[in-house]
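Asker: The structure's right below; bear with me while I get my questions together.
The values are calculated or read from the model by the stated rules, or taken from the named source; none is laboratory data. Remember, it's a predicted structure, so these values are computed and weren't measured experimentally. Cβ sites come from the backbone with ideal geometry, for glycine too, and all protein chains shown count toward neighbours. The protein model used for the area step is the full one, side chains on, heavy atoms only, and it has no ligands, DNA or RNA in it. Shrake-Rupley method; radii C 1.70, N 1.55, O 1.52, S 1.80 Å.
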Amino acid sequence: MKIQTDKALQRRQFLQLGLAGASFVATGGLSTLSHGAESDAAFYRLGKVGPLQAPDANGIMLPAGFQSRIVARSGQPAVTSSAYRWHASPDGGACFGTDDGGWIYVSNSEENSGRGGVGALRFNANAELIDSYPICQNTSRNCAGGPTPWGTWLSCEEFAEGQVYECDPSGNKPAQLRAALGTFEHEAAAVDLANDHIYLTEDDPDGGFYRFTATEGLPGLSEGKLEIATLVSRDGKRFIEWAAINDPEANIIPTRRQVPSYFAFNGGEGIGIQDGIVYFTTKGDNRVWRYDTDSQQLGILYDVRSSDNPIISGVDNLVITPAGDVLVAEDGGNMQIVTITPDGDLLPLLQIVGQDDSEICGPAFDPSHQRMYFSSQNGVTGSGEDGITYEISRIA
């Protein structure tokens, strides 16, 4: 395992510094902090944040010492220098560091009938919003997705014929259809670079949990093998075995129906990976799952029905801090983002007040982990036309 770990580290460094031209480095689930900077990062370890305070001027309840600001509203230009109007129904998102010390936050648009896509907000090194633009257009129900270690965004379409588009955060290159990742109700994606795998969730009451293996190794996404999870029990524990999907584009039979023995997950949602562990949520049963890519054992990190502190409902998007805290955003519920610490404690990080007909989407950290971005998909009115995107930071 030591050899594999060293190889994975070397490969990640190569991809970040070589292939991506040192311009864009994904930080949605990867720590880019320098040694010794952890203690200064607001979103490095969250197990010791205090209780939520009264709502601020933006209607956000936060622990003492934190503040919020609105960075974009649906239908309005985010910056005066750009005519691009921030998209409706903002959903999954991630941050990408830039070589000038700034970063880009990308956000999906979960609109129907070719009105979806992905928008971007570019910040300079001083956290000033300096540009906004589209990076993917004319797609549908772009729900969640996932950042890649080589600096691109995988945007996932959530409908029966949905596919995955690989997007350039800078907007300089057109989005690329990645048909090999399958045709189904895509929700989210997480990249396991060490093993050339991408894990994918499906937002359907009997959805599958998928694994894509690149034929020539990542970052190649043009060809590969798509598989779906089946379950076996050994010594009272559950393990995943992978079965091939022979027709990933579902020309005749839906992907999950091609393997009758597949295990149905009740509404797959957000997903992330850290230290060889894949975490993903299922909204239909309010669970957060834990899959060990080495042992292939499947477990449950959180279940609303059995938890001693069942405060998360409508589990949806998630993001992981460098210290291993799993942050789960609620679709409805109390409109909170809740931290699940490595010790299993559950602590609300924030709550949106007065937006009960919305959902929290797209939590992601800037490269220094000093700021977190997320959206309220439907805002105050309950309409996707009134989505709001926020930034949370520590008060100076």
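Asker: Going by the conditions given, is Gly182 at positive phi and small (Gly, Ala, Ser)?
Answerer: yes
Asker: Okay, next question. When you scan region 95-106, do you find a residue that is in a strand (DSSP E or B), over 21 Å from Thr339 (Cα atoms) and open to solvent by 20 Å² or more (accessible area, probe 1.4 Å), even just one?
Answerer: no
Asker: Still on this structure: Write out, first by first residue and then by second, each pair whose Cβ atoms fall under 7 Å of each other, whose residues are 6+ apart or on separate chains, and whose first residue, in region 136-148, is more than 19 Å from Phe184 (Cβ to Cβ) and part of a strand (DSSP E or B) while the second is of a type in the set (A, V, I, L, M) and at pLDDT below 95.
Answerer: Pro147/Ala26
Asker: Closer than 30 Å to Ile388 by Cβ, small (Gly, Ala, Ser) and surrounded by fewer than 20 Cβ atoms within 10 Å (Cβ to Cβ): does that describe Gly344?
Answerer: no
Asker: Ok, one more. Consider Gly332 against the criteria (1) outside any strand (DSSP E or B); (2) crowded, with 21+ Cβ neighbours inside 10 Å; (3) in contact with an Asp or Glu (Cβ under 7 Å, 6 or more places away or on another chain): it satisfies all of them except one. Which criterion is unmet?
Answerer: Only one criterion in (1) outside any strand (DSSP E or B); (2) crowded, with 21+ Cβ neighbours inside 10 Å; (3) in contact with an Asp or Glu (Cβ under 7 Å, 6 or more places away or on another chain) is unmet by Gly332, namely (2).
Asker: Let me ask something else. Residue by residue through region 308-329, note down the ones that are more than 15 Å from Cys361 (Cα to Cα) and either open to solvent by less than 20 Å² (accessible area, probe 1.4 Å) or out of contact with any His (no Cβ under 8 Å at 6 or more places or on another chain) (or both).
Answerer: Once the filter is applied, which keeps residues that are more than 15 Å from Cys361 (Cα to Cα) and either open to solvent by less than 20 Å² (accessible area, probe 1.4 Å) or out of contact with any His (no Cβ under 8 Å at 6 or more places or on another chain) (or both), region 308-329 yields Asp308, Asn309, Pro310, Ile311, Thr321, Ala323, Gly324, Asp325.
Asker: Among the residues in region 190-205, are any closer than 18 Å to Val278 by Cβ, free of Cβ contacts under 8 Å to residues at least 12 places away in the same chain and surrounded by fewer than 22 Cβ atoms within 10 Å (Cβ to Cβ)?
Answerer: No, there is no match, as no residue in region 190-205 is closer than 18 Å to Val278 by Cβ, free of Cβ contacts under 8 Å to residues at least 12 places away in the same chain and surrounded by fewer than 22 Cβ atoms within 10 Å (Cβ to Cβ).
Asker: Could you grab me the full set of residues in region 59-69 that are loosely packed, with under 15 Cβ neighbours inside 10 Å and touching a strand residue (DSSP E or B) at 6+ places or on another chain (Cβ under 7 Å)?
Answerer: Gly65
Results for (1) within 24 Å of the chain's Cα centre (by Cα); (2) at pLDDT 95 or above; (3) under 14 Å from Val259 (Cα atoms), shown as yes or no for each residue.
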| position | (1), (2), (3) |
| --- | --- |
| Tyr210 | yes, yes, yes |
| Leu221 | yes, yes, no |
| Leu226 | yes, yes, yes |
| Leu231 | no, yes, yes |
| Trp242 | yes, yes, yes |
| Pro248 | yes, yes, yes |
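Asker: Evaluate the following for Glu161: is it part of a loop (DSSP other than H, G, I, E, B), acidic (Asp, Glu) and either surrounded by fewer than 24 Cβ atoms within 10 Å (Cβ to Cβ) or under 19 Å from the mean Cα position of the chain (by Cα) (or both)?
Answerer: Yes: the conditions hold for Glu161.
Asker: Moving on. Val25: modelled with pLDDT under 95, closer than 20 Å to Gln336 by Cβ and open to solvent by less than 70 Å² (accessible area, probe 1.4 Å), yes or no?
Answerer: no
Asker: Six or more apart or on different chains, Cβ under 6 Å: which pairs go from a residue in region 211-235 that's in contact (Cβ under 8 Å) with a residue 60 or more places away in the chain to one that's open to solvent by 40 Å² or more (accessible area, probe 1.4 Å) and part of a strand (DSSP E or B)? Could you list them?
Answerer: As it stands, the answer is Leu231/Arg238, since those pairs meet every condition given.
Asker: I'd like the full set of residues that are among the basic types (Lys, Arg) and open to solvent by 90 Å² or more (accessible area, probe 1.4 Å), limited to region 225-243.
Answerer: Correct list: Lys225, Arg234, Lys237.
Asker: Only one of Arg305, Arg287 is out of contact with any Leu (no Cβ under 7 Å at 6 or more places or on another chain), in contact (Cβ under 8 Å) with a residue 12 or more places away in the chain and surrounded by 16 or more Cβ atoms within 10 Å (Cβ to Cβ). Can you tell me which?
Answerer: Result of the check over Arg305, Arg287: Arg287.
Asker: Quick check on region 253-284: of everything there that is in a loop (DSSP other than H, G, I, E, B) and free of Cβ contacts under 8 Å to residues at least 12 places away in the same chain, which residue is most open to solvent (accessible area, probe 1.4 Å)?
Answerer: Top of the filtered list is Pro260.
Asker: Among Asp56, Asp131, which is of a type in the set (D, E, K, R) and either buried (at least 24 other Cβ atoms within 10 Å of the Cβ) or outside any loop (DSSP other than H, G, I, E, B) (or both)?
Answerer: Asp131
Asker: Could you tell me how many of the residues in region 203-252 are in a loop (DSSP other than H, G, I, E, B) and of a type in the set (S, T, N, Q)?
Answerer: Residues flagged as in a loop (DSSP other than H, G, I, E, B) and of a type in the set (S, T, N, Q) within region 203-252 amount to 4.
Asker: Conditions first: (1) part of a loop (DSSP other than H, G, I, E, B); (2) of a type in the set (S, T, N, Q); (3) open to solvent by 10 Å² or more (accessible area, probe 1.4 Å). Ser393 passes all but one, so which condition is the exception?
Answerer: Single failed check for Ser393: (1).
Asker: If you don't mind, there's one more thing I want to ask. Would you point out which residue out of Asn378, Asn334, Asn317 is among the polar types (S, T, N, Q), touching a helix residue (DSSP H, G or I) at 6+ places or on another chain (Cβ under 7 Å) and modelled with pLDDT of 95 or more?
Answerer: None of the other options fit; the residue is Asn378.
Asker: Still on this model: Being under 17 Å from the mean Cα position of the chain (by Cα) and surrounded by fewer than 16 Cβ atoms within 10 Å (Cβ to Cβ) is the filter here; which residues of region 107-128 pass it?
Answerer: Matches in region 107-128: none.
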